1. All but one of (1) in a helix (DSSP H, G or I); (2) over 25 Å from Met127 (Cα atoms); (3) hydrophobic (A, V, I, L, M, F, W, C); (4) open to solvent by less than 70 Å² (accessible area, probe 1.4 Å) hold for Val60; which doesn't?
2. Keeping to segment 68-92, report how many residues are under 15 Å from the mean Cα position of the chain (by Cα), in a helix (DSSP H, G or I) and modelled with pLDDT of 95 or more.
3. Determine whether Lys142 is in contact (Cβ under 8 Å) with a residue 24 or more places away in the chain, in contact with an Asp or Glu (Cβ under 6 Å, 6 or more places away or on another chain) and open to solvent by 40 Å² or more (accessible area, probe 1.4 Å).
4. Please count how many residues of segment 90-142 are β-branched (Val, Ile, Thr) and out of contact with any helix residue (DSSP H, G or I) (no Cβ under 9 Å at 6 or more places or on another chain).
5. Restricting the search to segment 190-206, which residues are in contact with a strand residue (DSSP E or B) (Cβ under 6 Å, 6 or more places away or on another chain) and part of a helix (DSSP H, G or I)?
6. Restricted to segment 115-166, and to residues that are aliphatic (A, V, I, L, M), in a helix (DSSP H, G or I) and in contact with a strand residue (DSSP E or B) (Cβ under 7 Å, 6 or more places away or on another chain), which residue is nearest to Leu96 (Cα to Cα)?
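The values are calculated or read from the model by the stated rules, or taken from the named source; none is laboratory data. Everything numeric in this text was worked out from a predicted model, so none of it was measured. In this analysis, Cβ positions are derived from the backbone assuming ideal geometry, glycine residues included, and neighbour counts consider all displayed protein chains. Keep in mind that these areas ignore ligands, DNA and RNA; they rest on the heavy atoms of the full protein, side chains included. Shrake-Rupley method; radii C 1.70, N 1.55, O 1.52, S 1.80 Å.
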Amino acid sequence: MTTPKLVIFDFDGTLADTYGWFLSILDDAIARFRLYKPGPDEVEAMRGLSARQVMTRMKVRPWKLPAIVRHTRREKLKAAATTQLFDGIPDLLRDLRAAGIKVVIVSSDTTESVRQVLQREGIEVDMLNCGASIHGKTAKFKKVLKAMGVDAKDAVSVGDEIRDIDAAKPIGMRAGAVSWGYTLPEALAKHNPAYLFKDVADMRRILLGQ
């Protein structure tokens, strides 16, 4: 592939190892918002679904969604001090920028939560654009491309959910998906990402040509 001028990363499940944290708050959120409680096997099976399908399965009413998102973001901020990036991610982000590739994070998380983790690791990026709605990443991507002065064909998005792939395609941006995040790799593959990274070394090889 041609080396991209810009890589837009998702945060949770892509750069940061937060699936365990998600499971740790799940029961409380279910009780608090009176959602459907899935069994352990169902939780694993839902990793093969889209965000919209997961919300349907858990009986998330549209009017409850803003409160659920606010609650989740507050809990995530509390956990920022202990949130870890996946092995190899800090060096990858530094090396991308050292190679002249712009690095941006677009996340549904809060800016403060993401910034705390990056600062603790001593990592700088070119832009944070956080607070994306469940299906609002396409608009975020467009704003980032304009702000960075990069055409969609020269950028790559990297995420761990089906919605991340779906958000990139309408604007002609290549979508990469990671196999270690929230969504199972076989489910991601069905949505035809341009790249399905098996590990961080694979992502380094493809994005940096190393």
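1. Every condition holds for Val60 apart from (1).
2. So the answer is 1.
3. no
4. Summing the residues that are β-branched (Val, Ile, Thr) and out of contact with any helix residue (DSSP H, G or I) (no Cβ under 9 Å at 6 or more places or on another chain) in segment 90-142 gives 1.
5. Across segment 190-206, the qualifying residues are Met203, Ile206.
6. Met148
Results for (1) touching a Lys or Arg at 6+ places or on another chain (Cβ under 8 Å); (2) open to solvent by less than 80 Å² (accessible area, probe 1.4 Å), shown as yes or no for each residue.
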site: Phe11; (1), (2): no, yes
site: Thr14; (1), (2): no, yes
site: Leu26; (1), (2): no, yes
site: Arg34; (1), (2): no, no
site: Lys37; (1), (2): no, no
site: Glu42; (1), (2): yes, yes
site: Ser50; (1), (2): yes, yes
site: Ile68; (1), (2): no, yes
